[in-house]
Amino acid sequence: MPINTEPRYVGRAWITPAGPVVAGATGSWTITYEVGLYGYDEFARLKIACRFASDWATPQFTDPTAANYATVRLESRSSTTVAHLSWEPRGYIRPWFKCLVVSIRDGSLHPGDRVHVTIGDQSRGSRGSRAQTFRERGCEWRVLVDPFGTELYSPLAGSPTLDIVGGDFHRLVVVAPTTVRPGEPFEALVKAEYVWGNPCERFTGHVALDARGAPIAGL
């Protein structure tokens with residue numbers, strides 16, 4: 001039987017910090033899930049999924065001093081409840097293949113309890129997690145809930161999103177035809193790029209074009 005997916009029953013989630021992220025930048029982000037009225041049973045799981053096309057760095061859980069270290073922390077009224085964090089590269093239906101998975105063990109969660117998953121935890125020396133290297137408006141971390149441990153997951157309404165933006169100017173790229181007949185008009189695209197190849201929306205300079213060896217009208 002489908003569960004009621006209103007936020008007051010299944011909970012809500014948000015991400016901190018929530019501001020724009022420069023493509024390919026290294027940092028730390030915490031996704032917080034607040035448990036709804038259903039609570040969360042022992043052996044139930046929570047999944048935080050991103051699209052399979054994203055190249056956000058794969059998290060690791062064993063070396064707190066190395067890159068891409070990820071952790072989970074509980075704020076719970078149950079002192080015995082623990083949470084285990086793992087990674088499933090094909091943990092949900094397409095396109096939400098890549099999943100961080102929080103498993104609830106040795107207890108349950110009460111309404112209002114919170115689960116904090118930190119991607120790129122820097123508290124013990126890690127430099128953080130490397131964000132995806134291409135721009136995307138509204139890059140979503142889809143939070144999938146299974147409060148009763150049935151392995152039937154429901155997406156939260158309003159899962160956390162981030163805007164992935166281009167960084168500082170790195171180079172100019174010109175795209176033009178390799179062969180043009182005399183007298184034929186043609187177009188050339190000039191693009192300011194960030195180091196990862198993304199368009200650089202921060203570019204504020206001026207571009208001057210010149211042709212050597214042959215005159216080109218209207219350049």
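Which one is nearest to residue 16 (Cα to Cα) among residues in the range 69-121 that are in a strand (DSSP E or B) and aromatic (Phe, Trp, Tyr)?
If we take residues in the range 69-121 being in a strand (DSSP E or B) and aromatic (Phe, Trp, Tyr), then 69 is nearest to residue 16 (Cα to Cα).
Which numbered condition trips up residue 35, out of (1) over 17 Å from residue 99 (Cβ atoms); (2) surrounded by fewer than 20 Cβ atoms within 10 Å (Cβ to Cβ)?
Condition not satisfied by residue 35: (2).
Give me the pairs, please: first residue somewhere in the range 195-219 and more than 19 Å from residue 182 (Cβ to Cβ) and open to solvent by 90 Å² or more (accessible area, probe 1.4 Å), second residue anywhere and at pLDDT 80 or above and of a type in the set (Ser, Thr, Tyr), beta-carbon distance under 8 Å, and either six or more positions apart or on two chains.
196/133
Applying the selection to the range 18-52, what residues are touching a strand residue (DSSP E or B) at 6+ places or on another chain (Cβ under 9 Å), more than 24 Å from residue 196 (Cβ to Cβ) and part of a loop (DSSP other than H, G, I, E, B)?
Hits for the range 18-52 are 35, 36, 38, 39, 41, 42, 43, 44.
Quick one: would you say residue 13 is at pLDDT 95 or above, within 18 Å of the chain's Cα centre (by Cα) and within 22 Å of residue 157 (Cα to Cα)?
So residue 13 passes the test.
Restrict the check to the range 122-132 and report whether at least one residue is buried (at least 21 other Cβ atoms within 10 Å of the Cβ) and in a strand (DSSP E or B).
There is at least one residue in the range 122-132 that is buried (at least 21 other Cβ atoms within 10 Å of the Cβ) and in a strand (DSSP E or B).
With the structure loaded, tell me whether residue 137 is in contact (Cβ under 8 Å) with a residue 12 or more places away in the chain and either surrounded by 11 or more Cβ atoms within 10 Å (Cβ to Cβ) or within 28 Å of residue 63 (Cβ to Cβ) (or both) or whether it fails that test.
No.
Would it be correct to say that residue 27 is open to solvent by less than 40 Å² (accessible area, probe 1.4 Å), touching a residue at least 24 places away in the same chain (Cβ under 8 Å), among the small types (Gly, Ala, Ser) and out of contact with any helix residue (DSSP H, G or I) (no Cβ under 7 Å at 6 or more places or on another chain)?
Against the criterion (open to solvent by less than 40 Å² (accessible area, probe 1.4 Å), touching a residue at least 24 places away in the same chain (Cβ under 8 Å), among the small types (Gly, Ala, Ser) and out of contact with any helix residue (DSSP H, G or I) (no Cβ under 7 Å at 6 or more places or on another chain)), residue 27 qualifies.
The values are calculated or read from the model by the stated rules, or taken from the named source; none is laboratory data. Everything numeric here is computed off the predicted structure, so don't read it as measured data. Ideal geometry is used to build each Cβ from the backbone, glycine not excepted, and the neighbour counts take in all protein chains shown. Note: areas computed on protein heavy atoms with side chains; ligands, DNA, RNA excluded. Shrake-Rupley method; radii C 1.70, N 1.55, O 1.52, S 1.80 Å.
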